[in-house]
Amino acid sequence: MKEMESLTNRRAPAAMSSETFKKLGHALVDQIAAFYDSLPARAVTTGEPPREIRTHLPDTGLPEHGMGADALLAETTKVLFDHSLHIGHPRFFGYITSPSMPVGVLGDFLAAAVNPNLGGWALSPVGSEIERQTIRWIAELVGYPPDCGGLMVSGGNVANLLGFFAARKARAPWDIRGSGLRGDARQLTVYASEETHTWIEKASDLAGLGTDAVRLIHIDEHQRMDPDALERRIVKDESENRLPFLAVATAGTVSTGAIDPLPEIAAICKKHGLWFHVDGAYGAPAAALPDAPEAMKGLAEADSVAIDPHKWLYSPLEAGCTLVRNPEHLHDAFSFRPKYYHFEEEAEDPRINFYEYGIQNSRGFRALKVWLGLRQVGREGYARMMQDDILLAKHLFDLADKDPELQAFTQGLSITTFRFVPEGLKPGTQAVESYLNELNERLLTQLQSGGETFLSNAVLDERFLLRACIVNFRTSLIDVEALADIVVDRGRRLDAELRPPGLSS
Ligand SMILES: *Cc1c(COP(=O)(O)O)cnc(C)c1O
């Protein structure tokens, strides 16, 4: 048959010759290296609105025919370098999102090339063992029992969600996976501080409990959960025939880097039979520091922990990790064994099939970039980088504290909050506070699109604050000092435009 002849020497459109691959690959690596070198001189962002960004993409429908990969990559590289918001820029201080370490970038390239499927051991013998070791090393890094179980996931939201589901299965006194919430009339109830990340609402909703199941516990003046308030609420709920099953402590809150008192919360969980989960998406790696914050100590007692290597371990997005003290708990919460899988069972030397420990079936090789990072810099390297980030955050706090036009608020882990207060205005009265909120909000909007630096915000006691989070191995003292100068300079100009006549003190 004529059609069959071409299949003898098949030329698939997706295929690429070894020569071309080398040429394009080398060129791309050269361009990325130059991009890294150029980062400090680039704007953090161009601040272009969506409509303008779209003008850099092809103005066509789905391509009917393909194009040369050469031109395609050249064009795409340029658009990405010139129009992205650069999280890897030394003056990017927004949210909690870090530059990717170059070895992780190369690791992702390698992972994509080998492309093992980490759903089943049979499809990823080396990959599965690397993931197993990565989980163990992360546990060792944060002082968690290394014989724990765990899973690499997309990020903190999913890492926390897995802890939530493990808790739900382990603590519901009926077969919740079989009969769902119909198995018992009592409302399963979960506890977390008011400063908890919104994953908690998503998890409770997805688990079918509804967001009403979430009790947000009061925080103290340092944004930490008040353990007495937690216990009172649990006791009250028990007396009202609710079923408290899970308490979440945050080790490094998103707004201010506060660490809930883990040992106290662990003790309350033990006393009342609750699962104890720690959201350490951002802060857990700080447990590796020789002078780790005291409040962090209870982390080792958690039933489950969420950690984001794509934050303070500098892995490229996406990399989250769930640790579970007893590996069976994750398995119990997620395992189904379909007929169409034939996986060998070997009690002596078990083959771990990670699809049974979480939501995903086919799974990418996320562990590789994390594993490479851990090997390249080691515990000592990570500790040093975190310490430097924390020192820089402290320095920023001191700068803001000393500067008459800045007001420092908090510094926790590597997050500092502060605001601009123009000369001649004394905070405190309602009129001044409300103007300061407006001024700082407008200032933030301007800074976020200006390209000189990038900050985000926190709201504390109804005050709108600027917030710098330093999870950035490229940031130096010069960048932090420049940040303070930029805020004051742009703040002054904005104040000159905005201040209502008569507002002074
Ligand atoms: C970042 C963060 C999350 C969410 O993690 P993603 O990786 O963005 O999904 C949850 N909790 C805390 C404390 C975080 O810092």
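The values are calculated or read from the model by the stated rules, or taken from the named source; none is laboratory data. Just so it is clear, the model here is predicted, and its values are computed rather than measured. Cβ atoms come from the backbone with ideal geometry, glycine included; neighbour counts cover every protein chain shown. These area figures cover heavy atoms from the full protein model, side chains too; ligands, DNA and RNA do not enter into them. Shrake-Rupley method; radii C 1.70, N 1.55, O 1.52, S 1.80 Å.
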Exercise. What are the pairs, 6+ residues apart or on separate chains, where a residue within the stretch 140-164 that is open to solvent by less than 20 Å² (accessible area, probe 1.4 Å) has its Cβ under 6 Å from a residue that is of a type in the set (Phe, Trp, Tyr)?
Worked result: Leu151/Tyr357; Asn160/Trp199
Exercise. Within the stretch 71-94, can one find any residue that is open to solvent by less than 90 Å² (accessible area, probe 1.4 Å), in contact with a Ser or Thr (Cβ under 6 Å, 6 or more places away or on another chain), charged (D, E, K, R) and at pLDDT 95 or above?
Worked result: yes
Problem set entry | Enumeration of residues in the stretch 27-57 that are farther than 22 Å from Pro99 by Cα and either loosely packed, with under 13 Cβ neighbours inside 10 Å or modelled with pLDDT under 95 (or both) | Pro49, Pro50, Arg51, Glu52, Arg54, Thr55, Leu57
Exercise. Going by the structure shown, is Val248 touching a Leu at 6+ places or on another chain (Cβ under 9 Å), part of a strand (DSSP E or B), within 15 Å of the ligand (Cβ to nearest atom) and among the hydrophobic types (A, V, I, L, M, F, W, C)?
Worked result: no
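For Ala284, are the conditions met, namely being of a type in the set (Gly, Ala, Ser), closer than 20 Å to Ala247 by Cβ and modelled with pLDDT under 95?
So Ala284 fails the test.
Just checking, which of Ser128, Ser154 is more than 16 Å from the ligand (Cβ to nearest atom), of a type in the set (Ser, Thr, Tyr) and touching a helix residue (DSSP H, G or I) at 6+ places or on another chain (Cβ under 9 Å)? Don't jump to the end; show me each part of the working.
On the way: Ser154 fails: more than 16 Å from the ligand (Cβ to nearest atom).
Sole residue among the options that is more than 16 Å from the ligand (Cβ to nearest atom), of a type in the set (Ser, Thr, Tyr) and touching a helix residue (DSSP H, G or I) at 6+ places or on another chain (Cβ under 9 Å): Ser128.
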For this session: Say whether the condition of being within 21 Å of Trp312 (Cα to Cα) and open to solvent by less than 30 Å² (accessible area, probe 1.4 Å) is met by at least one residue in the stretch 165-188.
Result: no
Exercise. Within the stretch 210-238, which residues are closer than 18 Å to Arg171 by Cα and either polar (S, T, N, Q) or free of Cβ contacts under 8 Å to residues at least 40 places away in the same chain (or both)?
Worked result: Gly210, Ala213, Val214, Arg215, Val235, Glu238
Problem set entry | Among (1) within 16 Å of the ligand (Cβ to nearest atom); (2) farther than 27 Å from His342 by Cβ; (3) in a helix (DSSP H, G or I); (4) open to solvent by less than 40 Å² (accessible area, probe 1.4 Å) - the single one Gly107 does not satisfy | (1)
Problem set entry | Where Pro145 falls short, out of the listed (1) over 16 Å from Gly273 (Cα atoms); (2) within 16 Å of the ligand (Cβ to nearest atom); (3) over 20 Å from the mean Cα position of the chain (by Cα) | (2)
Exercise. Mind checking which residues of the stretch 1-55 are farther than 18 Å from Gly451 by Cα, touching a residue at least 12 places away in the same chain (Cβ under 8 Å) and part of a loop (DSSP other than H, G, I, E, B)?
Worked result: Pro13, Met16
Exercise. Any idea which of Lys297, Lys271, Lys311, Lys339 is within 11 Å of the ligand (Cβ to nearest atom) and among the charged types (D, E, K, R)?
Worked result: Lys311
Problem set entry | the stretch 192-220, subset touching a Leu at 6+ places or on another chain (Cβ under 7 Å) and more than 16 Å from the ligand (Cβ to nearest atom), residue most open to solvent (accessible area, probe 1.4 Å) | Gly208
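If only one of Glu348, Glu301 is in contact with a Leu (Cβ under 9 Å, 6 or more places away or on another chain) and either at pLDDT below 95 or open to solvent by 40 Å² or more (accessible area, probe 1.4 Å) (or both), which one is it?
Numbers: Glu348 fails: in contact with a Leu (Cβ under 9 Å, 6 or more places away or on another chain).
The match here is Glu301.
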Problem set entry | In the stretch 296-315, the residues that are assigned to a helix (DSSP H, G or I) and closer than 22 Å to Thr198 by Cα | Met296, Leu299, Pro309, His310, Lys311, Trp312
Seminar exercise, completed: In the set Asn472, Asn457, Asn440, the lone residue that is under 25 Å from Ser100 (Cβ atoms) and open to solvent by less than 10 Å² (accessible area, probe 1.4 Å) is Asn472
For this session: For residues that are surrounded by 19 or more Cβ atoms within 10 Å (Cβ to Cβ), part of a loop (DSSP other than H, G, I, E, B) and not basic (Lys, Arg), tally how many sit in the stretch 357-404.
Result: 3
For this session: Output yes when any residue across the stretch 279-292 is buried (at least 19 other Cβ atoms within 10 Å of the Cβ), within 11 Å of the ligand (Cβ to nearest atom) and within 17 Å of Leu216 (Cβ to Cβ), and no when none is.
Result: yes
